[in-house]
Amino acid sequence: MKIAELYSTQRNLRRKEQIKELVKSIQNNEYIEPVLLSESEDGKVQVENGHHRVIAYYLSGRDVLKEDEYILLNGDTGRIRICKIEKLMALWC
């Protein structure tokens, strides 16, 4: 799953301080809970849970989430798409 193609369902990051630790964990190949994604009828995929984890994967040098790093739900979850994930990343970087 390409990180740049994901949409955010949050306007900001609530706990930015945890991103550095997540990056370290990813670089050390430690277990990270899968990110929860959903795919709507229009084919767009949004982050339902795991915005900090997605940004940590990106900051660790990754452009994609591997299949075992996310769970993809089909259908509308009722959460509003706010922006592309890269806009949310700009708040941290």
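The values are calculated or read from the model by the stated rules, or taken from the named source; none is laboratory data. The model shown is predicted, which means the values in this text are computed figures rather than measured ones. Reconstructed Cβ throughout: ideal geometry from the backbone, glycine too, with neighbour counts over all protein chains shown.
To keep it simple, each residue is scored yes or no on (1) in contact (Cβ under 8 Å) with a residue 40 or more places away in the chain; (2) closer than 10 Å to I3 by Cβ; (3) surrounded by 13 or more Cβ atoms within 10 Å (Cβ to Cβ).
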site: E41; (1), (2), (3): no, no, no
site: V54; (1), (2), (3): yes, yes, yes
site: Y58; (1), (2), (3): yes, yes, yes
site: D68; (1), (2), (3): no, no, no
site: I82; (1), (2), (3): yes, no, yes
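Listed by first and then second residue, the pairs with beta-carbon distance under 7 Å, at least 6 apart or on different chains, first residue in the stretch 7-34 and over 15 Å from H51 (Cα atoms), second surrounded by 13 or more Cβ atoms within 10 Å (Cβ to Cβ) and among the small types (G, A, S), are Q27/S60. Assess whether Q46 counts as being touching a helix residue (DSSP H, G or I) at 6+ places or on another chain (Cβ under 6 Å) and surrounded by 13 or more Cβ atoms within 10 Å (Cβ to Cβ). No, not satisfied. The set of residues in the stretch 1-39 being hydrophobic (A, V, I, L, M, F, W, C), assigned to a helix (DSSP H, G or I) and either buried (at least 17 other Cβ atoms within 10 Å of the Cβ) or modelled with pLDDT of 95 or more (or both) consists of I3, I19, L22, V23, I26.
Entry remark, the stretch 42-85: residues being in contact with a strand residue (DSSP E or B) (Cβ under 9 Å, 6 or more places away or on another chain) and part of a helix (DSSP H, G or I) number 6 in total.
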